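Heads up: the structure comes next, in structure tokens.
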Amino acid sequence: IIQRENSPNKYFLGYYNNMKNKSKQLRIREVQDVLDVIGGRWKGAILACLCDGDKRFGELKMELDGITSRVLTNDLRYLEQSKLVERISDPNNAVAVIYRLTEHGHSLEPVIQTIAKWGVKHRAVALS
């Protein structure tokens, strides 16, 4: 039970409000953390492409119209360091590599699908 401010236990109300603010701050920080990892111009798009299956570098570059090789390389490395993407040697070609989502990366698929649905529904408003 939360005590009213004029009650003898008004310190509890202050404690409760402080905890409520910390909880809100924690939620905000968690959102910021996720956006730090998947945000930016290309990272979300790279993850969306990899949701469709494993891809070679050239396939990703073709699907992501406008991305430079340098940006794709850097973002793939970042996503690899974040344990969302793994880089695997192609068993059919010793020089080629395949990129795929890790188990951790697959956990983002529902989030990416939700973002895509939101984009389809709100794109005209968001980009106007």
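Here are a few things to note about the model shown:
- Residue list for the range 34-75, restricted to those being in a loop (DSSP other than H, G, I, E, B) and not aromatic (F, W, Y): G39, G40, R41, D52, G53, D54, L64, D65, G66, I67, T68
- Unique residue being touching a strand residue (DSSP E or B) at 6+ places or on another chain (Cβ under 6 Å) and either of a type outside the set (V, I, T) or open to solvent by less than 70 Å² (accessible area, probe 1.4 Å) (or both) when the list is Y78, Y99: Y99
- Search result, residues across the range 41-55 that are of a type outside the set (D, E) and out of contact with any Asp or Glu (no Cβ under 7 Å at 6 or more places or on another chain): R41, G44, A45, L47, A48, L50, G53, K55
- Residue check for S7: surrounded by fewer than 13 Cβ atoms within 10 Å (Cβ to Cβ), among the small types (G, A, S), part of a loop (DSSP other than H, G, I, E, B) and at pLDDT below 85: yes
- Of all residue pairs spaced 6 or more apart or on separate chains, those with beta-carbon atoms under 7 Å, a first member in the range 42-70 that is surrounded by fewer than 12 Cβ atoms within 10 Å (Cβ to Cβ) and a second member that is modelled with pLDDT of 95 or more and part of a helix (DSSP H, G or I) are S69/K61.
- Among the residues of this structure, E80 counts as one that is at pLDDT 95 or above, under 22 Å from H106 (Cβ atoms) and assigned to a helix (DSSP H, G or I).
The values are calculated or read from the model by the stated rules, or taken from the named source; none is laboratory data. Small disclaimer: the values here were computed from a predicted structure and weren't measured. Cβ sites come from the backbone with ideal geometry, for glycine too, and all protein chains shown count toward neighbours. Keep in mind that these areas ignore ligands, DNA and RNA; they rest on the heavy atoms of the full protein, side chains included. Shrake-Rupley method; radii C 1.70, N 1.55, O 1.52, S 1.80 Å.
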